[in-house]
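The values are calculated or read from the model by the stated rules, or taken from the named source; none is laboratory data. From a predicted model like this one, the values you see are computed outputs, not experimental measurements. A quick note on method: Cβ atoms are made from the backbone with ideal geometry, for glycine too, and the neighbour counts reach across all protein chains shown.
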Amino acid sequence: MTRRARWTTVVVVVDLVALAVLVLGRGGIPGGPAAVVASPSATAGSAGAGDPVRALFEGRRSGAEVQGTGVVSRILPDDDDGSRHQKFILTTPSGISILVAHNIDIAPRLEGLSTGDRVDFRGDYEWNEKGGTVHWTHHDPSGRHEAGWLAWNGRTFS
C-alpha cells in the first residue's frame, strides 16, 4: 500500500469515527447540527482519549458543535473590533491548542481568568493549522443558533 493510500485510509477512518460520534452524540438525529460532545470527566483521561477537539482537528473539520475541557495556557487581549470578544488559548487533554473567542457583548466576561485555570466549554469549532477556534460560547439572542457556554470557577457563562 502506498503512503498516499495509507494516509487516505487514515483520513477516511477518522471521518467515519467522527461521523459515528456525531450521530450518537446527537441521539442519531440526521440533518441536525453537527455535534461532537464529551463530558468533562471523559476528557480527563489519557492524552487523546475522549478529546473531541483532537478528532475535529485531525479531520480538519469546521462548523461542528463541540463540548470539552482545557487548561488556560495564554490570555490574549480582547478583540474590540465589532462585537467584543474575550480571547484566550486552552490546551485540551490531548495537547491541542484552541483559541476561545467569547462574545462579551452577549455573555459575561470570565473576570479574573488566569493561566492554569480549567475551563469547560461548548461552542462551534472552526479548524485551523494552529489547533482551531471555538466561538458561539454564549446564547443566541435571536434563538436561531444552539446555545454554547463556558464553565469556570463554579459558574457557567452563556
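Do we find a residue being of a type in the set (A, V, I, L, M), surrounded by 13 or more Cβ atoms within 10 Å (Cβ to Cβ) and modelled with pLDDT under 95 anywhere in segment 22-29? Quick ask: steps written out before the conclusion?
Step one: filter segment 22-29 for residues of a type in the set (A, V, I, L, M), giving 22-24, 29.
Next cut, surrounded by 13 or more Cβ atoms within 10 Å (Cβ to Cβ) only: 22-23.
With the extra rule that they be modelled with pLDDT under 95, the set shrinks to 22-23.
Within segment 22-29 (the criterion being of a type in the set (A, V, I, L, M), surrounded by 13 or more Cβ atoms within 10 Å (Cβ to Cβ) and modelled with pLDDT under 95), the answer is yes, since at least one residue qualifies.
Give Ser114, Ser94 a once-over and let me know the one that is touching a Lys or Arg at 6+ places or on another chain (Cβ under 8 Å) and among the small types (Gly, Ala, Ser).
Values: Ser114 fails: touching a Lys or Arg at 6+ places or on another chain (Cβ under 8 Å).
When all the criteria are applied, what remains is Ser94.
Select from segment 124-146 the residues that are closer than 13 Å to Gly70 by Cβ and hydroxyl-bearing (Ser, Thr, Tyr) and write down the one among them that is surrounded by the fewest Cβ atoms within 10 Å (Cβ to Cβ). Steps first, answer last, please.
As a first pass, look at segment 124-146 and keep what is closer than 13 Å to Gly70 by Cβ: 125, 131-134, 137.
Applying the additional criterion that residues be hydroxyl-bearing (Ser, Thr, Tyr) yields 125, 133, 137.
Values: Tyr125: 25, Thr133: 17, Thr137: 25.
That would be Thr133.
Wholly within segment 66-153, which strands (runs of 3 or more DSSP E) include no fewer than the required count, namely at least 3 residues that are free of Cβ contacts under 8 Å to residues at least 40 places away in the same chain? Spell out the reasoning first.
On the way: elements: 85-91, 97-103, 118-126, 133-135, 149-152.
Output list reads 85-91, 97-103.
Of the residues that sit in segment 72-90 and are polar (S, T, N, Q) and surrounded by fewer than 16 Cβ atoms within 10 Å (Cβ to Cβ), which one is modelled with the highest pLDDT? Full working, then the answer.
Looking only at segment 72-90, we keep the residues that are polar (S, T, N, Q), and these are 73, 83, 86.
From the residues that got through so far, the ones that are surrounded by fewer than 16 Cβ atoms within 10 Å (Cβ to Cβ) too are 73, 83.
Numbers: Ser73: 98, Ser83: 93.
Among residues in segment 72-90 that are polar (S, T, N, Q) and surrounded by fewer than 16 Cβ atoms within 10 Å (Cβ to Cβ), the one modelled with the highest pLDDT is Ser73.
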